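One structure, as structure tokens, below. Some questions next.
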Amino acid sequence: MKSNKNKRFTPLLMAASVVFGILIGTFYANHFSGNRLSIINSSSNKLNNLLHIVDDQYVDTVNINSLVENAMPEILAELDPHSVYIAAKDVQRANDDLKGSFSGVGIEFTIRQDTIHVQNVIGGGPAESAGVIAGDKIVSVNDEPFVGKIVTTEEAMHRLKGPKGTKVKLGLQRYGEKKIRHVTVIRGDIPQKSINATYMLDETTGYIKIKNFGENTYPELLIALATLSQKGFENLIIDLRGNLGGYLASAVQIANEFLPKDRLIVYTQGRKSPRQEYRSDGRGTYQQLPLIILIDEVSASASEILAGAIQDNDRGTVIGRRSFGKGLVQQPIAFNDGSMVRLTVARYYSPSGRCIQKPYTSGADKEYDEDLITRYQHGEFFSQDSIKHQGPAYHTLIGRTVYGGGGITPDIFIAEDTLGYTSYYKEASMSGLILQFAYTYTDENRAKMKEYDTLSALSAYLKRQNLVETFARYAEKNGLKRRNLMIRKSHKLLERYINGRIIYNMLDDEAFIQYINEDDRSITAALKVFKDKSSFPQKNKQ
């Protein structure tokens, strides 16, 4: 009887449970459906859902990790030209140039005919200690052949770099020797120098070339200044041409060395980044030193911060051509797999308030990528009147007019030197034939040229060799048709480039820079400014 009674109530209990469930569901739907729908419909979740759908239902097997790696750069490209994704395998290489040092063998190399050629050996480094010399060819690494198509810059760096104290065995083919030499190199810390030239241009003018702004650039600058002080310098040229930038902090520290107290150096500001100002503290040792900054169309980022700080504070004269125009601040953000993004979070502004960044369109912007080509075609490299100022006018501390919206415009414009430029010279330089010839000549004549261990001696020796004619024969054998009229017209340019590269191969970067500066028009203009005692700008100077 009791069993029958329970059976009669079962449908009622089930109906009640259904009603209760509906009521509970309605309550949660009313209270949480808005959040839930927004999460489901958010773009980030949409991307995740798409990847899950592709992984689950696509007709063929898909490598989802590879798909994501390929998509990341495209997503960031929709933001601005300088927000980038760096794969895990490339992070160390991307950071090494700006770090004070990295662990490796200590050589500079070039790849020719699918073989590593040692171009320079870093003094005091592991490779020098092991007996590696400039001119050696690396043909094996750890007893495995390393020649042929497998030889790329990335693969070479992967095999040669490694933790400090680890060993790598190199097989070396030395010029004039048939037998392969084997040496074991114990990897060590290799210093990364930001300053690659410090010397006196004349009795009173010091010169410092900064190639980038890394962790140790400021300490290196102090050492360079101390070196010049011992030689009695009274004027200073800081060469930032070709300097793509680097760390903001290094540029600020250097500007601080030359500015009086409480001068604005730069400030940054973004949607989520409140205005942050960087000011001089008045402790700089060289606040009254006559100063000139050299820039060109490649000078970017931290280079523009330093040049802008000097110009806007009327602290020195900027000479050259309009700089690149990179005024976006990137913040590195790492992922768990070792990859990272450099995301733009703010903009740089010079002391006068001008934004250094040149205009761009969000997304893949071909015009932005080709801006320097456009400037060249427009004539900006050859005429100051061709410079298009894309932003409003601003004013320096004493009221001089400067412009924003696209780099730093110099106080004194120096046109690119095209005297002697021909299509023959263009092809010879752009094809890499001059570099190949210079290296081959160095390799074949290294023993003889070692007798000339100073720049002046080696330069005079090379001048006597008439290497332009030797190059012309070499180039013709390698596919560059001989053009006698063009060769004569470009003789000075060809000789300068060929001899300069051989000097670089035999001596060092500083000797090369010193050689090409001998007839440099920007250097000549700077020396005239110092002679006229006009490096400190005046209000009527435009």
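In the range 196-207, which residues are at pLDDT 95 or above and surrounded by fewer than 22 Cβ atoms within 10 Å (Cβ to Cβ)?
Step one: of the range 196-207, the residues at pLDDT 95 or above are 197-207.
Result: 197, 198, 199, 200, 201, 202, 203, 204, 205.
Could I ask something else about it? Would you mind listing the strands (runs of 3 or more DSSP E) fully within the range 176-216 where at least 2 residues are closer than 25 Å to residue 289 by Cα and among the basic types (Lys, Arg)?
Numbers: elements: 181-186, 188-191, 195-200, 205-210.
Correct list: empty, since no element meets the threshold.
Something else: Find the helices (runs of 4 or more DSSP H) located wholly in the range 444-542 whose residues include 2 or more that are in contact with a strand residue (DSSP E or B) (Cβ under 7 Å, 6 or more places away or on another chain) and surrounded by 18 or more Cβ atoms within 10 Å (Cβ to Cβ), and list them.
Details: elements: 455-464, 467-477, 484-489, 491-506, 509-516, 521-531.
Of the helices (runs of 4 or more DSSP H) lying wholly inside the range 444-542, those with at least 2 residues that are in contact with a strand residue (DSSP E or B) (Cβ under 7 Å, 6 or more places away or on another chain) and surrounded by 18 or more Cβ atoms within 10 Å (Cβ to Cβ) span 509-516, 521-531.
Within 33 Å of the chain's Cα centre (by Cα) and open to solvent by 10 Å² or more (accessible area, probe 1.4 Å): is that true of residue 441 in this structure? It would help to see each step written out before you state the result.
On the way: within 33 Å of the chain's Cα centre (by Cα): yes; open to solvent by 10 Å² or more (accessible area, probe 1.4 Å): yes.
Yes; evaluated as a whole, the condition is true for this residue.
For the list (1) touching a Gly at 6+ places or on another chain (Cβ under 8 Å); (2) open to solvent by 40 Å² or more (accessible area, probe 1.4 Å), I need the number of the one condition that residue 212 fails.
(2)
Just the residues that are open to solvent by less than 10 Å² (accessible area, probe 1.4 Å) and either part of a strand (DSSP E or B) or in contact with a strand residue (DSSP E or B) (Cβ under 7 Å, 6 or more places away or on another chain) (or both), please, taken from the range 217-242. Quick ask: steps written out before the conclusion?
Step one: of the range 217-242, the residues open to solvent by less than 10 Å² (accessible area, probe 1.4 Å) are 217, 221, 224-225, 228, 236-240.
Residues satisfying the conditions are 217, 221, 224, 228, 236, 237, 238, 239, 240.
Tell me yes or no: at least one residue of the range 291-311 is outside any strand (DSSP E or B), at negative phi, open to solvent by 10 Å² or more (accessible area, probe 1.4 Å) and β-branched (Val, Ile, Thr). Reasoning before the result, please.
First pass over the range 291-311, keeping only residues outside any strand (DSSP E or B): 296-311.
Subsequent filtering for residues that are at negative phi retains 296-300, 302-311.
From what's left, open to solvent by 10 Å² or more (accessible area, probe 1.4 Å): 296-298.
Now drop any that are not β-branched (Val, Ile, Thr), which leaves 298.
Yes - at least one qualifying residue is present in the range 291-311.
To continue, here is another question. Given the options 439, 461, name the one that is in contact with a Lys or Arg (Cβ under 9 Å, 6 or more places away or on another chain), modelled with pLDDT of 95 or more and of a type in the set (Ser, Thr, Tyr). Walk me through how you get there before you give the answer.
Values: 439 fails: modelled with pLDDT of 95 or more.
None of the other options fit; the residue is 461.
What number of residues in the range 174-189 are of a type outside the set (D, E, K, R) and buried (at least 20 other Cβ atoms within 10 Å of the Cβ)? Give the derivation first.
If we filter the range 174-189 for residues that are of a type outside the set (D, E, K, R), which is where we start, we get 175-176, 180, 182-186, 188.
Okay, now just the ones that are also buried (at least 20 other Cβ atoms within 10 Å of the Cβ), so 185.
Of the residues in the range 174-189, 1 are of a type outside the set (D, E, K, R) and buried (at least 20 other Cβ atoms within 10 Å of the Cβ).
Need pairs with beta-carbon distance below 6 Å; first residue within 16 Å of residue 185 (Cα to Cα) and within the range 137-151, second open to solvent by less than 80 Å² (accessible area, probe 1.4 Å) and assigned to a loop (DSSP other than H, G, I, E, B); sequence gap 6+ or separate chains.
Once the first residue is within 16 Å of residue 185 (Cα to Cα) and sits in the range 137-151, its partners that are open to solvent by less than 80 Å² (accessible area, probe 1.4 Å) and assigned to a loop (DSSP other than H, G, I, E, B) give 139/147; 140/146.
Hey, among 223, 265, which residue is in contact with a helix residue (DSSP H, G or I) (Cβ under 9 Å, 6 or more places away or on another chain) and of a type outside the set (Ser, Thr, Tyr)?
Answer to the check: 265.
Next question. Which is at pLDDT 85 or above, within 30 Å of residue 526 (Cα to Cα) and within 23 Å of the chain's Cα centre (by Cα), of 356, 333? Walk me through it before giving the result.
On the way: 333 fails: within 30 Å of residue 526 (Cα to Cα).
Among 356, 333, only 356 is at pLDDT 85 or above, within 30 Å of residue 526 (Cα to Cα) and within 23 Å of the chain's Cα centre (by Cα).
Please note which helices (runs of 4 or more DSSP H) are completely contained in the range 51-154 and include at least 2 residues that are aliphatic (A, V, I, L, M) and open to solvent by 70 Å² or more (accessible area, probe 1.4 Å). Write out each step before concluding.
Working: elements: 64-77, 88-96, 126-130.
Passing ranges, in order: 64-77.
Still on this model: Quick one: which of 403, 360, 421 is touching a helix residue (DSSP H, G or I) at 6+ places or on another chain (Cβ under 6 Å) and among the aromatic types (Phe, Trp, Tyr)?
360
The values are calculated or read from the model by the stated rules, or taken from the named source; none is laboratory data. Everything numeric here is computed off the predicted structure, so don't read it as measured data. Please note: Cβ atoms are built from the backbone with ideal geometry, for glycine as well, and neighbour counts cover all protein chains shown. The accessibility values were calculated without ligands, DNA or RNA, using every heavy atom of the protein model including side chains. Shrake-Rupley method; radii C 1.70, N 1.55, O 1.52, S 1.80 Å.
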